[in-house]
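Heads up, the thing below is written out as structure tokens.
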Amino acid sequence: MTETFQSFSDTSLDPPVRGFLHRPEKANGQGLVYTHGAGGNSRGPFLIALAEAFAGAGFTVLRCDLPFRQKRSFGPPRPGDAEHDRQGLKNAVACMRKLVKGKVYLGGHSYGGRQGTMLCAEDPGVADGLLLTSYPLHPPGKQDRLRTEHFPKLTKPALFVQGTRDGFGSIEELQAALKLIRGKATLLPVEGVGHDLGFSAKKKTAELPGRILEEFQKYFA
């Protein structure tokens, strides 16, 4: 391993920022704030693997727990949590900007990524770009309930990563939705996996984090 990580906490902010900070051996001056989905936390195997891949390439990475998860160790977010979660992401990016001098990217898996896009639609200057895995385009089986109202307000580059078997949005549906985005947006399809992108406590797709990193570096070069 060429990087180390440590617990990170800033309780001076409201809501506070908590998670794990990956410091690269050879920093490139850029940072990534990355968070989890509605059923997860910052200790998820996919978040760890992705953070390690990016830190290995020189990024300072903060994988953080959203405010709703800081309050409750299990269960999904509740009505009214979303606004607080977006403020938590904004605070996490502010922490990262104190650690790096270059660009800061914001990302998340599923619900966390959705909140990141909504934050950047509300405040385009928050981050320099978005990394979104398994974006929950609609609830499973409810294709008419698209979560794209804010897409036309997105102006920063965005990289979406989606499994071809994701019940929260097909590749075709997401490709159509990306046309609503004013800024640059591209999609990396991952063949044969669902919403978890093939990652779980027992099952992992070892090459995927490196593939995402490679696509990210090309896209944001």
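What follows draws every value from the coordinates through simple rules; no lab data is involved. None of these values were measured; they are calculated from a predicted model. As a convention, Cβ positions derive from the backbone with ideal geometry for all residues, glycine included, and neighbour counts pool all protein chains shown.
Brief remarks on what is shown
- Top-ranked residue of region 51-76 - restricted to ones that are touching a Lys or Arg at 6+ places or on another chain (Cβ under 8 Å) and of a type outside the set (Gly, Ala, Ser), ranked as farthest from residue 37 (Cα to Cα): 60
- Residue count for region 188-221 satisfying the condition of being touching a residue at least 40 places away in the same chain (Cβ under 8 Å) and either closer than 11 Å to residue 159 by Cβ or among the polar types (S, T, N, Q) (or both): 8.
- The residues of region 46-65 that are part of a loop (DSSP other than H, G, I, E, B) and surrounded by fewer than 23 Cβ atoms within 10 Å (Cβ to Cβ), listed by number, are 57, 58.
- Restricting 108, 80 to residues that are crowded, with 22+ Cβ neighbours inside 10 Å and either of a type in the set (Gly, Ala, Ser) or under 21 Å from residue 159 (Cα atoms) (or both) narrows the list to 108.
- Taking residues in region 172-187 that are over 15 Å from residue 120 (Cα atoms), and partners anywhere that are of a type in the set (D, E, K, R) and assigned to a loop (DSSP other than H, G, I, E, B), not one pair has Cβ atoms closer than 6 Å while being at least 6 places apart or on different chains.
- Once region 15-39 is narrowed to residues that are out of contact with any Gly (no Cβ under 6 Å at 6 or more places or on another chain) and surrounded by fewer than 23 Cβ atoms within 10 Å (Cβ to Cβ), the residue that is farthest from residue 83 (Cα to Cα) is 25.
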